[in-house]
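Participant: Take a look at the following structure, please.
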Amino acid sequence: MIELEGITKVYRMGEVEVNALRGITLSITKGEMVAIIGASGSGKSTLLNIIGCLDRPTSGKYIFDGADVSQLSDNQLAGMRNRKFGFVFQEYNLLSRVTALSNVELPLIYGGSGHRHKGAMEALERVGLGARAEHKPTELSGGEQQRVAIARALVNNPALILADEPTGNLDSKTTNEIISIFRQLNQEGITVIIVTHEADIASQTQRIIRLHDGEIISQ
Amino acid sequence: MKLIDFLVTALKSLSTNKLRSSLTMLGMIIGVGAVIGLMSVGRGAQAMVTSTFEQMGTNAIYVIPSSPGAGVAGIGMGAPTLSLDDAEALANPAYVPSAVAVAPISTNYAEVIAGNESAVTSITGTTPEYQGALNYSLASGQFISERNVSHRDTVAVLGDKVAEDLFGSDDPLGQKVKIKERRFTVIGVLEAKGGAFMGVSQDELVVVPITTFQTRLFTQRTAGGGDAVQSIVVQVASAEAIDGAIYDIEDVLRKRHRLAPDEENDFAVISQEQIIGMLQQVIGVFTIFLGAIAGISLLVAGIGIMNIMLVSVTERTREIGIRKAVGAKRRDILGQFLMEAAILSLTGGGIGIAGGWVMSRLISRIDIGGQAIPSVVSPDIIILAISVSVFIGLVSGIYPALRAARLNPIDALHYG
């Protein structure tokens, strides 16, 4: 499903060039649950962003479902993010001024689909938050906010869920709840990639990709 | 993304910051309101000038003395060059065939006394043709007659306001009034016209025979020794006849004044249309000037909208990142911010139109010297204001919207 070949990413910070990724070659098959681990600055979030089409690689080849992603336009990438991927971030990244339901509806608005209300409610129920649909993020606990974010990631029935330190701001009990939701979704057939630095979480996945200084040191 | 989604999204984000949205709109409201209010007053003044002149008499041509070589500044400023005999010549159908009525007019200000009451008003010496040429109707009694003119009778016809000031509710007919120590008998009262021109009411006048005016009140002679008149009004049958009549009048007067072919006219012939045209031009320039000043406030309002939208883009960078992460395309973000700017400017413009209309109503109620300034809110002013506000909204919205749309999703997400 995902084929990465010689992916590099170079950031320019003024005069200095930072090599965030130095030639990543990797393949992930459909239905896998993968953890990407490494110290901070190892390039794991950059790799996740490139896989999720939030960012473009400096060089290298990225094939998703047989299509060369590096040839796609910005609008086509937006379409990919909308239909194929669901993102979950450490900081939840919800719109704070609108309800949980409206947050979950957002991808449906940009996807142009009908039955938004119904679709968004179903996604919220899947993460066990049906009762809190009309609450704003500020009225929800951290674990609940992250579940809203997962519902938003699910709502367009994506092939792949990408989570960047999804439990970084949560206590251990809530962390377990969130991870079990990811495991549940994986069992339903969705590919899941989790970036983390906690060995505990990584151990609950099928495969661990270890990054160091922009290179894969084990997988 | 459908239009309705843009609308809902934009309204939601505007309503989350109600104070800021309404302050931004306030600039637009004041700008559009000022444009509508000021321009409607200008239009009203134009309409007032037209209607006043129509009341004064239609298809009238004015002949007045003029200093040769002084251009427009010389009009009406010259020594008396027109005489009573000139007026009689113009009345001769052999010279000016299209003239329906010709009235010589001389005016001066004097105190009119009746019993214990007195009023300073304009005294107009003229002939019976004056009534028709200037569209006056009689409320009672009669106008001055040919006989009054040839006999130099001391009779007077009072304007509506003068009659009221001097006699109140009493009947002035047959009463005596004193002008410059001479006693005049009131033979008629004019019906009120209502209009005023340049602050002078058309109902504040006393009409006396031109001969009486010349011999008993204000004697004035031309250089040639004739009885001088200040102006001559020539009424023609139709608007089409005006140009021919002007030509005939100039021809007759040049011959009578013995002007050589290379000499300029010592008089000016102006049709009522020309006067209306000149005044409307002046008022039109004035209106545009007022509109331009109000337009500056519209410009400031536009800059205000742009400023707020730019602040909003910066503040909402993260929101833009989130929207892009879940699949918003450039045009979706562009559309959202443009829609917000459009709503601000259109709503502001709409309220401004209503406010400007109310303002013009209030201005037209202000009484200036017994007369109100009318105001006309015409559709073209409204269309102008709407299109200007839409234009400003889009122009001021497009730059911030483009900036928002161009943001890289990952940079936007990690902002702040």
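The values are calculated or read from the model by the stated rules, or taken from the named source; none is laboratory data. Source: prediction; values computed, not measured. Ideal geometry is used to build each Cβ from the backbone, glycine not excepted, and the neighbour counts take in all protein chains shown.
Participant: Name the residue, out of B:PHE286, B:PHE218, B:PHE267, that is touching a strand residue (DSSP E or B) at 6+ places or on another chain (Cβ under 9 Å) and surrounded by fewer than 19 Cβ atoms within 10 Å (Cβ to Cβ).
Facilitator: B:PHE218
Participant: So, of the residues in the stretch A:50-63 that are within 30 Å of A:ARG147 (Cβ to Cβ) and without any contact (Cβ under 8 Å) to a residue 40 or more places away in the chain, which turns out to be surrounded by the fewest Cβ atoms within 10 Å (Cβ to Cβ)?
Facilitator: Filtering first and then ranking leaves A:CYS53.
Participant: Could you pull out the residue among B:ILE36, B:ILE64 that is modelled with pLDDT of 85 or more, of a type in the set (Val, Ile, Thr) and not assigned by TED's automatic domain parsing to the domain that holds B:GLY350?
Facilitator: B:ILE64
Participant: Moving on to the next point. Which of the numbered conditions does A:GLN187 fail, given that it passes all the others? Conditions: (1) among the polar types (S, T, N, Q); (2) in contact with a strand residue (DSSP E or B) (Cβ under 7 Å, 6 or more places away or on another chain); (3) at pLDDT 90 or above.
Facilitator: Failing condition for A:GLN187: (2).
Participant: Here's another thing I want to ask about it. Considering each residue of the stretch A:48-63, count those that are at the interface with another protein chain (Cβ under 10 Å from one of its Cβ atoms) and outside any helix (DSSP H, G or I), and give that number.
Facilitator: 5
Participant: With a cut-off of at least 2 residues that are in contact with an Asp or Glu (Cβ under 9 Å, 6 or more places away or on another chain) and closer than 20 Å to B:PHE218 by Cβ, name the strands (runs of 3 or more DSSP E) lying wholly within the stretch B:115-182.
Facilitator: B:117-126, B:176-179
Participant: Looking at A:SER141, A:SER102, can you tell me which residue is surrounded by 15 or more Cβ atoms within 10 Å (Cβ to Cβ), on the phi < 0 side of the Ramachandran plot and over 18 Å from the mean Cα position of the chain (by Cα)?
Facilitator: Every option except A:SER102 fails the conditions.
Participant: Shifting gears a bit: Inside the stretch A:187-197, can you point out the residues that are under 15 Å from A:LYS84 (Cα atoms), of a type outside the set (A, V, I, L, M, F, W, C) and surrounded by 15 or more Cβ atoms within 10 Å (Cβ to Cβ)?
Facilitator: Listed by number, the list holds a single entry, A:THR191.
Participant: Using beta carbons and a limit of 7 Å, which pairs, at least six apart or on different chains, have the first residue in the stretch B:1-29 and within 14 Å of another protein chain (Cβ to nearest Cβ) and among the β-branched types (Val, Ile, Thr) and the second one assigned to a helix (DSSP H, G or I) and surrounded by 13 or more Cβ atoms within 10 Å (Cβ to Cβ)?
Facilitator: Once the first residue is within 14 Å of another protein chain (Cβ to nearest Cβ) and among the β-branched types (Val, Ile, Thr) and sits in the stretch B:1-29, its partners that are assigned to a helix (DSSP H, G or I) and surrounded by 13 or more Cβ atoms within 10 Å (Cβ to Cβ) give B:THR9/B:GLN336.
Participant: Among (1) touching a helix residue (DSSP H, G or I) at 6+ places or on another chain (Cβ under 9 Å); (2) at pLDDT below 85, where does B:LEU259 come up short?
Facilitator: Status for B:LEU259: all satisfied but (2).
Participant: Conditions first: (1) over 28 Å from A:SER203 (Cβ atoms); (2) within 18 Å of the chain's Cα centre (by Cα). A:GLU32 passes all but one, so which condition is the exception?
Facilitator: The number of the failed condition is (1).
Participant: Does at least one position in the stretch B:345-356 carry a residue that is assigned by TED's automatic domain parsing to the domain that holds B:ILE305, closer than 21 Å to B:ASN307 by Cβ and more than 37 Å from the chain's Cα centre (by Cα)?
Facilitator: no
Participant: For residues that are in contact with a Pro (Cβ under 8 Å, 6 or more places away or on another chain) and at negative phi, tally how many sit in the stretch B:152-182.
Facilitator: The qualifying residues number 5.
Participant: Then there's this: When B:LEU90 is evaluated against the numbered criteria (1) modelled with pLDDT of 85 or more; (2) within 21 Å of B:GLN272 (Cα to Cα); (3) surrounded by fewer than 21 Cβ atoms within 10 Å (Cβ to Cβ), which criterion, by number, is the only one it fails?
Facilitator: (3)
Participant: Right, another one. Take the residues of the stretch B:84-107 that are touching a strand residue (DSSP E or B) at 6+ places or on another chain (Cβ under 8 Å) and part of a loop (DSSP other than H, G, I, E, B): which is farthest from B:THR212 (Cα to Cα)?
Facilitator: B:SER98
Participant: Moving on. Can you name every residue in the stretch A:1-52 that is of a type in the set (D, E, K, R) and in contact with a strand residue (DSSP E or B) (Cβ under 7 Å, 6 or more places away or on another chain)?
Facilitator: A:GLU3, A:GLU5, A:LYS9, A:GLU17, A:ARG22, A:LYS30, A:GLU32, A:LYS44
Participant: Tell me whether the stretch B:383-400 contains one or more residues that are over 30 Å from B:VAL8 (Cβ atoms) and assigned to a helix (DSSP H, G or I).
Facilitator: There is at least one residue in the stretch B:383-400 that is over 30 Å from B:VAL8 (Cβ atoms) and assigned to a helix (DSSP H, G or I).
Participant: I'd like to verify a number: residues in the stretch A:64-86 that are in contact (Cβ under 8 Å) with a residue 24 or more places away in the chain, within 19 Å of A:GLY112 (Cα to Cα) and outside any loop (DSSP other than H, G, I, E, B), how many?
Facilitator: 8
Participant: Do we find that A:PRO107 is surrounded by 17 or more Cβ atoms within 10 Å (Cβ to Cβ), within 14 Å of chain B (Cβ to nearest Cβ) and either touching a Ser or Thr at 6+ places or on another chain (Cβ under 7 Å) or basic (Lys, Arg) (or both) in this structure?
Facilitator: no
Participant: Can I ask one more? Here is a list of conditions, (1) of a type in the set (Val, Ile, Thr); (2) within 30 Å of B:THR50 (Cα to Cα); (3) surrounded by fewer than 24 Cβ atoms within 10 Å (Cβ to Cβ), and B:VAL395 meets all of them except one; can you say which number that is?
Facilitator: (2)
Participant: Being facing chain B (nearest Cβ under 9 Å), under 29 Å from B:THR16 (Cα atoms) and over 11 Å from the mean Cα position of the chain (by Cα) is the requirement here; does A:GLY79 meet it?
Facilitator: Yes: the conditions hold for A:GLY79.
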